[in-house]
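The values are calculated or read from the model by the stated rules, or taken from the named source; none is laboratory data. Computed from a predicted model, the values in this text were never measured in an experiment. Virtual Cβ from ideal backbone geometry, glycine too; neighbours counted across all protein chains shown. Accessible surface is based on the protein model in full, side chains and every heavy atom, while ligands, DNA and RNA are left aside. Shrake-Rupley method; radii C 1.70, N 1.55, O 1.52, S 1.80 Å.
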Amino acid sequence: MSEVAPARAVAFRVVRRVFENDSYADRALRSESAQLDERDRALARRLAYGTVQRTRTLDHAIETLARRPIRKLDPPVAAALRLGAYQLAFMDGVPRYAAVNESVELVRRAGLERAVSFANAVLRRLADGARPLVESLPEATAREAALRHSYPDWVAETWWAELGPDEARALMVAQNEEAETAVRLVRGAIDGRPDPAIPGAWVVDRVDGQALAGGRIWPQSRASQLVGHAVGSRPGERTLDLCAAPGGKATMLAGDVDAVEVDEGRADALRATVERLGATGVRVVHADGRALPPDLSGYDRALVDAPCSGLGVLASRPDLRWRAEPLPELQLELLRAAVERTRRGGTVVYSVCTINAAESEDVVDAIVADGTVEVDPTLGDEWPQFRHRHRPDLLQTLPHLHRTSGFFVARLRRT
């Protein structure tokens, strides 16, 4: 058998697990790459994540040049073709023979000798035609741009309607690029570049494993850290964090914090985060945020960083675009529950890591219509560089503008 580079072998297994077993790409990569050195792990990540992100575009190129629907191929063959096509169409500096020959070898190692000659023929066509084909794809409409940049139609159409064509295209490009590596500095000193506007936020070349293990840093996007600051908690106050795992925001908060998590495994991970970071004011509560114990009430502040479609974090979650689902009903239920447990005059921060008005502005408008809260207009004044373009009393970060993940943030005051 011919050799296959360790990074390609790992990327192949990750791609298969995502599309054959519905695995999460980050978890699959973590387990599959455990034995790789740092350099090979980085290459495996780029190969796997890029292939998963670009699958729609890659499938179009494969079907065009192979003249066979991807759904009719054996799953290992489809994975090998996608992995090879990604290298040929989107990566510079990869030798053509390596992309072709090693992808063919992956088919052979999967026990599909009968498909080797087919895979070899298709990959050679892709070597000649994949890049010019994808570069010639139009993007004048939302659906054309969705195919060119590899997004579901509904995502492209949402951004087209809410941001306009030019910004929608820029956002699609940005979320296909490698996400920056950001951490929150908990204590001590690190190498990196501090954010000039968000205290404690640093952009780094890599996460320092020793600093992480020692609780001196926490991997967290700059936009996520902005949410924690927007809560504005102070010593002596009580804060409810209703969807707290994995704990990045909860451990930022001052005073006494009740950090609620419904999933038992995630609650355990939250406890580990609290202990590692030395957040002595945080108490973990394993409960459904919509059905809290009666003694959890009268809070000065609350945070609802709600489950959402995640359209603002697609750069770091490559498979999420193919499974994303808006959740406005759940978000409104959680927000109402938090408002009910907050004292009059207290504040509730609502945030989601998505770029979709149905899960953002519309949820805020619905809770305001209940008559229990009003929007706190001072939030935009505190963070003018992140003001929502249409609603200046709200915040919105956008990957193509702010170079961090996409978050929506509102602060509400209980009336």
Quick one: accessible surface of Tyr86, probe radius 1.4 Å, all protein chains present, in square angstrom to the nearest 10. 20
Using C-alpha positions alone, give me the convex hull volume of the stretch 42-150 per residue in cubic angstrom. 96
Rg over Rh, two decimals, the chain (C-alpha only, Kirkwood Rh): 1.01
Rg followed by Dmax, in Å, when the stretch 191-248 is reduced to its Cα trace: 13.0, 37
What do you get for Rg/Rh of the stretch 112-233 when both radii come from the Cα atoms and Rh is the Kirkwood radius? 1.17
What net charge do the residues around Asp362 carry, taking every other residue with its C-beta under 13 Å from that of Asp362, with Lys and Arg at +1 and Asp and Glu at -1? -4
How would you order 153-166, 51-64, 132-145 from highest to lowest mean count of nearby Cβ atoms within 10 Å? 51-64, 153-166, 132-145
Using the alpha-carbon atoms, what tilt in degrees (0 to 90, nearest 10) does helix 6-21 show relative to the longest principal axis of the chain? 70
Lys and Arg at +1, Asp and Glu at -1: add these up for the other residues within a Cβ distance under 9 Å of Ala7 and post the number. +4
What is the angle, in °, between the Cα long axis of helix 96-109 and the longest principal axis of the Cα atoms in the chain? Nearest 10 is fine, range 0 to 90. 90
Shape descriptors of the stretch 156-200 over alpha-carbon atoms, Rg and Dmax in angstrom, are 16.0, 45
Here the stretch 82-91 yields Karplus 3J(HN,Hα) values (6.51, -1.76, 1.60; θ = phi - 60°; whole Hz; Gly and Pro given as x) of 4, 4, x, 4, 4, 5, 6, 8, 10, 10
Whenever you get a sec, compute what percent of the accessible area on the chain sits on carbon and sulfur atoms (1.4 Å probe). 48
Solvent-accessible heavy-atom area per residue, rounded to whole Å², over the chain at 1.4 Å: 43
Under a no-solvent Debye model with one identical scatterer per Cα of the stretch 252-341, what's log10 I(q)/I(0) at q = 0.10, 0.19, 0.26 Å⁻¹? -0.32, -1.05, -1.31
With just the Cα atoms of the stretch 230-301, tell me how far they stretch along each of the three principal axes, in Å, largest first. 30, 29, 19
